[in-house]
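Below is one structure, written out as structure tokens, with a few remarks after it.
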2 protein chains.
Amino acid sequence: MIRRFVFLFLVLLCCGSVVSAGESVPRLPLPVPPTVSSELQRIIAAAPPADWNNHPKDTAAWQTWRAALEQPATAAMPALRKALGVSVERTTLGGVAVFVYTPENLPEDRADRVLICLHGGGYVFGSGESAAQESIMMAGLGQYRVVHVDYRLAPEWPYPAAIDDAMRVYRAVLATTPASRVGVLGTSTGGGMALILALRARAEGIPLPAALGAGTPWVDLTKTGDSYATNEGVDTVLVSYEGWLRDAADVYAGGHDMRDPMLSPIYGNVHDFPPTLLTTGTRDLFLSNTVRMHLKLRQAGVAADLLVFEGISHAQYLAGPDVPETRWYFKELAQFFDAHLQERRERP
Amino acid sequence: MIRRFVFLFLVLLCCGSVVSAGESVPRLPLPVPPTVSSELQRIIAAAPPADWNNHPKDTAAWQTWRAALEQPATAAMPALRKALGVSVERTTLGGVAVFVYTPENLPEDRADRVLICLHGGGYVFGSGESAAQESIMMAGLGQYRVVHVDYRLAPEWPYPAAIDDAMRVYRAVLATTPASRVGVLGTSTGGGMALILALRARAEGIPLPAALGAGTPWVDLTKTGDSYATNEGVDTVLVSYEGWLRDAADVYAGGHDMRDPMLSPIYGNVHDFPPTLLTTGTRDLFLSNTVRMHLKLRQAGVAADLLVFEGISHAQYLAGPDVPETRWYFKELAQFFDAHLQERRERP
């Protein structure tokens, strides 16, 4: 019944056919691993998107491509919400558009905890509700209230618009919920932003979130990290840094130094960071982004935990609510937040 | 000063030139990642061993190759012990030859804790002290007493000789030290054996070790797991399952079903396993062995933790005591055992 949503998030991240089809990069002939669920095997078997190597010429070209990607994803969200028993409230926090997702039967001990979800999409895709699959699944499968941030996108809004918006929402949440009961999660660009949000919070002298869920985080916008080489052409979602990813980094950075920790948190000081769960896959182009960040956190003494899914490319653990690995992931993530988000002590 | 030891363990695992040189497998042109220490960069830059594709014809050929590999490694161990301030006692436990390594200034709170280390080498290499680099570094860098097991090797001694020997040593250690103060570690074949030891302990009705350190464990002797494909020719240590590894699996299994959990613990029941720290690298041919096992443990509710080193091939985190990543690894592993091996409560 909900099989039709399986590909939507990934479609949004990387697919479409508005601009010219991409060329291929050298790639090993890779069998589909029998070591994952049959649902995931079908996803792994899919060919790379035709447009991984798109290079939009100007803002109008980005907008055309974005609209084509987002339209079917946005259209699918109401049914996904319904299938997972998640209600939505569209509102603003700190002046930023958000979607607040709440599961039908929110467990009582989570009633005063909030998760902020920062979506993926390379800082260039995912406006409105189009990239909310992760947030909705976190609400429905993970049984948490989730604030999904509709932050501004590049190239119209380069750095620091996206993270400024995320910070505004975070500050607004802190007005009603102590940081000790706030978690921040995200995948890809959103995973990087979760880490940057913690850096920004410290720089601005406000409390850090109690825990971070950083899925395959884009922690280095430069082409640095071993898996940009080893998993090039192996990852069937992003395929290569030399596809649209480099363009997205360029238009978001807008000439700003990409090694600024506010763009690439791998270069930041992560001392005293909250517990962080990082997730990636063996074929992920961002495998090195993820494990470099994990090692850096561990070496700084942070309680950082790592999940690496067998056989999957970038962000494919989000494939869909009928994929066993996806369902398990959100349960695991919910347990992680349970362990680190304090319950309210002053409850009457 | 101790640079000359850096390659010894890896040499032992996979090098030599007694038998014919191997052919090459297709492999991407891979740059050396700048995201690791300069010491590790030099190791990553090294070409695969000439003999990764050896296929010894009979027991005599294995013995000739083994002797050639082990001689220089064995010769280097006294200097490694001296450099790290580690003393050695050669004795037997349960009738099995062991080397007991003790650091010069064993911390008092570790005096009544014991680690058993099961060495790597595909069940076919590593006799005597030749594969003791990991044990000696665990003693010297990790500051633990380590019992290094000189278990019997294939093809002379196929399954279950190796794990029988490990069990004998484990039972002998339990005669003087409660399981709650015993940890078991190992890398590659030794990592697999650490997991199998826990399965065997349960099958035999004796207490499981308090914690396991399973470095890039050989948990599946069959060619199953995505990284056997994705990291073929990327891993410069093992290179391919189709090198000597398949032969080693064959001669150890000796016709026994390789999917028996006592050979491939990925097929075992790991419910109620002790806390386990697993370690691998992004280029590791055993990346999937490691992450499959980690996920299986997590899904069974075990406190399983994962480290993935950037840019390294099979077992290269053991490169040597002057490599920063190696030094950090053993500190991390020691902290892990500290957290899970109980202190003696009945101390007078």
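Details
- Pairing chains A and B buries close to 2800 square angstrom of accessible surface in total, based on protein heavy atoms and a 1.4 angstrom probe.
- Rounded to whole numbers, the Karplus 3J(HN,Hα) couplings from phi for segment B:225-239 are x, 4, 6, 4, 9, 5, 9, 5, x, 8, 6, 8, 9, 8, 6 Hz, using 6.51 cos²θ - 1.76 cosθ + 1.60 with θ = phi - 60°, and x at Gly and Pro.
- Residue of chain A whose Cβ sits closest to the axis mapping A onto B, with distance in whole Å: A:L306, 2
- Charged neighbours of A:K223, selected by a Cβ distance under 13 Å, balance to -4 (K, R count +1; D, E count -1).
- Given +1 at the Cβ of Lys and Arg, -1 at the Cβ of Asp and Glu and no other charges, the dipole of segment B:164-319 around its Cα centre is 500 debye to the nearest 20.
- Highest-fluctuation residue, B:G95, B:G215, B:G311 considered, GNM on chain B with Cα pairs under 10 Å: B:G95
- Three-way shape call for segment B:32-188 based on the alpha-carbon gyration tensor, with the a/c threshold at 1.5: oblate
- Proximal charge balance of B:L306 [Cβ under 15 Å; K/R count +1, D/E count -1]: -3
- Area of A:H271 that stays accessible when all protein chains are in place (1.4 Å probe, Å², to 10): 100 Å²
- Net charge of Cβ neighbours under 10 Å - reference A:M167; Lys, Arg +1; Asp, Glu -1: 0
- Probing with 1.4 Å while keeping every protein chain in the model, the per residue accessible area of chain A equals 33 Å².
- Loop sites in segment A:35-108: GluC sites (Glu not before Pro), DSSP, at most 14 other Cβ within 10 Å: A:E104
- Probe 1.4 Å - accessible area at B:T74, Å² to nearest ten: 60 Å²
- In a reduced charge model with +1 at each Lys and Arg Cβ and -1 at each Asp and Glu Cβ, segment B:198-258 shows a dipole moment near 280 debye about its Cα centre.
- Apportionment of accessible area to carbon and sulfur, chain B, percent (1.4 Å): 52 percent
- Three-way shape call for chain B based on the alpha-carbon gyration tensor, with the a/c threshold at 1.5: rounded
- Using a 7 Å Cα-to-Cβ projection, A:D164 label spacings across copies, nm, ascending: 7.3
- The distance from the alpha carbon centre of segment B:112-177 to that of segment A:298-345 is 35 Å, rounded to a whole number.
- Listed residues B:D260, A:D58 arranged by accessible area, highest first, probe 1.4 Å: A:D58, B:D260
- Ascending list, in nanometres, of distances separating the B:G85 label from those of the other copies (7 Å, Cα toward Cβ): 6.0
- Within the protein assembly as shown: Cβ-based charge dipole about Cα centre, in debye rounded to nearest 20 (Lys, Arg +1; Asp, Glu -1): 880 debye
- Listed residue pairs exceeding 24 Å between alpha carbons, taken from A:K331/B:K296; A:K82/A:K331; B:K223/B:K331; A:K223/A:K331; A:K223/B:K223: B:K223/B:K331; A:K223/A:K331; A:K223/B:K223
- Cα gyration tensor category, rounded, prolate or oblate, for segment B:135-195 with a/c compared to 1.5: oblate
- Take B:P72, push a point 7 Å out from Cα through the beta-carbon direction, and compare it with the same point in every other copy: 5.7 nm, smallest first.
- Candidates A:A83, A:A248, A:A97: whichever shows maximal mean-square fluctuation once chain A is modelled as a Gaussian network with Cα springs under 10 Å: A:A83
The values are calculated or read from the model by the stated rules, or taken from the named source; none is laboratory data. Please read these numbers as outputs of a predicted model, since none were measured by experiment. Every residue, glycine among them, receives a Cβ derived from its backbone with ideal geometry; neighbour counts consider all protein chains shown. When the accessible area is computed, the model is the full protein with side chains, heavy atoms only, and any ligands, DNA or RNA have been set aside. Shrake-Rupley method; radii C 1.70, N 1.55, O 1.52, S 1.80 Å.
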